[in-house]
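Student: Okay, here's the structure, questions in a sec.
Bear in mind that the values in this text are calculations on the coordinates, not laboratory data. Note that the structure is predicted; figures quoted are calculated from it, not measured. All Cβ positions, glycine included, derive from the backbone under ideal geometry; neighbour counts span all protein chains shown.
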Amino acid sequence: MKKYLVFLSLAVSIGLQAQTVKIAAASSLRIVLEEIVTRYKEINPGVKIILNLGASGVMVQQISNGGDFDLFMSADRSFPEMLKSRGLAHGEVRTYAKGRLVLWSNTLDVSKGLEVLTGKSVNRIAIANPALAPYGDRAVQCLKNYKLYDKIRHKLVYADNIAQAALFAQTGNAEVGIIAYSLVLSPDMKGSFFLPEVTSYKPVEQALVLIKDPKINPEAVNFVKFVTSKACWPIFEKYGFILP
């Protein structure tokens, strides 16, 4: 009888856990994931989705230190592959979308291009920390490709993640930001923007991987199937992502 009660308690615990999906996600996904999660919960009303947003590199550190997550949605394929190589992830690493960089400002007209960064009207340029955030790394690559990096590197202001870099530019802590296009397409990001050539930086190949064994939380597997399905393609495209 005692063994049966222990088994029943474990089964109930697993059943409850399966209704909650804890996601570690790149900050560039804030807007698009909010919409995707809303859509998913409409179809699956009993499911709870918990989002933890930050720089992809920081998410890797948290997962490596035992962070309790079911799924990792990165802004770069290399980070989930790193976890997989360390035995900290399960299943295949899947690319779900490709992101784009954008130059954005709500006080200056930046629509003519990156050369505006060399002007006297720009004293601070917000980008995400290149060591932790793929979009920050790509911003540096882009500036070097346009042969502007050495001219304006003293103006760069580093944020912890791409959402914070967008906030710096939005609140006036920087005149401009080189950020994720997906964030600029948010309704509250009114301003001027310029899209650098996608060939000016390494592709932002955003990928995901399951952190826990799929048997532990089947609901996480269901969410992965949904977020990589055609049902979510229009949402990704709405926020400027390129479909893989």
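Student: Using only the Cα atoms of the chain, each taken as one equal point scatterer with no solvent, compute I(q) by the Debye sum, divide by I(0), and report log10 of the ratio at q = 0.16 Å⁻¹.
Tutor: At q = 0.16 Å⁻¹ the computed log10 ratios are -1.08.
Student: Out of the range 210-244, which trypsin sites (Lys or Arg not before Pro) are coil in DSSP terms and have no more than 14 other C-beta atoms within 10 Å?
Tutor: Answer in residue order: LYS215.
Student: Still on this structure, I have one more. How high is the FRET efficiency between LYS41 and LYS230 when r is their beta carbon distance and R₀ equals 22 Å, given to the nearest 0.05?
Tutor: About 0.70, to the nearest 0.05.
Student: A follow-up question, please. With no solvent and one point per C-alpha, what does the Debye sum give as log10 I(q)/I(0) for the range 178-242 at q = 0.13, 0.20, 0.27 Å⁻¹?
Tutor: Relative scattering, expressed as log10 I(q)/I(0), comes to -0.54, -0.95, -1.20.
Student: Right, here's the next one. Once you've got the GNM for the chain with C-alpha springs shorter than 10 Å, pick whichever of VAL198, VAL102, VAL209 has the biggest mean-square fluctuation.
Tutor: Maximum fluctuation in the GNM of the chain, among the listed residues, is at VAL198.
Student: The range 37-169: Rg/Rh from Cα coordinates, Kirkwood Rh?
Tutor: My calculation of the ratio gives 1.05.
Student: Here's something else I'd like to know. Write out the trypsin sites (Lys or Arg not before Pro) in the range 44-92 meeting two conditions: DSSP loop, and at most 15 other Cβ atoms within 10 Å of their Cβ.
Tutor: ARG86
Student: Something else: Give a quick list of trypsin sites (Lys or Arg not before Pro) in the range 134-196 that DSSP marks as loop, anything other than H, G, I, E or B, with at most 14 other Cβ atoms within 10 Å.
Tutor: Counting only loop positions with at most 14 other Cβ atoms within 10 Å, the trypsin sites (Lys or Arg not before Pro) in the range 134-196 are LYS147, LYS190.
Student: OK, next. Roughly speaking, what is the stretch gain from LEU243 to LYS112, that is 0.36 nm per residue apart minus the C-alpha to C-alpha distance, in nm to one decimal? Intermediate values should be presented prior to the final figure.
Tutor: Working: separation 131, 0.36 × 131 = 47.16 nm, distance 2.65 nm.
Length gained between LEU243 and LYS112: 44.5 nm.
Student: Given the C-alpha atoms of the range 101-200, compute the convex hull and give its volume per residue in Å³.
Tutor: About 83 Å³ per residue, rounded to a whole number.
Student: Could you tell me the center-to-center distance, by alpha carbons, between the range 136-169 and the range 209-229 in angstrom?
Tutor: Cα centroid to Cα centroid, the span is 34 Å.
Student: Which helices count as membrane-span-like in the chain under these terms: full DSSP H, at least 18 Å along the axis by C-alpha, Kyte-Doolittle mean of 1.0 or more?
Tutor: In the chain, the long hydrophobic H runs are 2-17.
Student: Measure off 7 Å from each Cα along the Cα-to-Cβ vector at THR199 and THR171, then give the distance between these two points in nanometres to one decimal.
Tutor: 3.9 nm
Student: If you don't mind, there's one more thing I want to ask. Could you compute the FRET efficiency for LEU148 and ILE216, with r as their C-beta to C-beta distance and R0 at 45 Å, rounded to 0.05?
Tutor: 0.40
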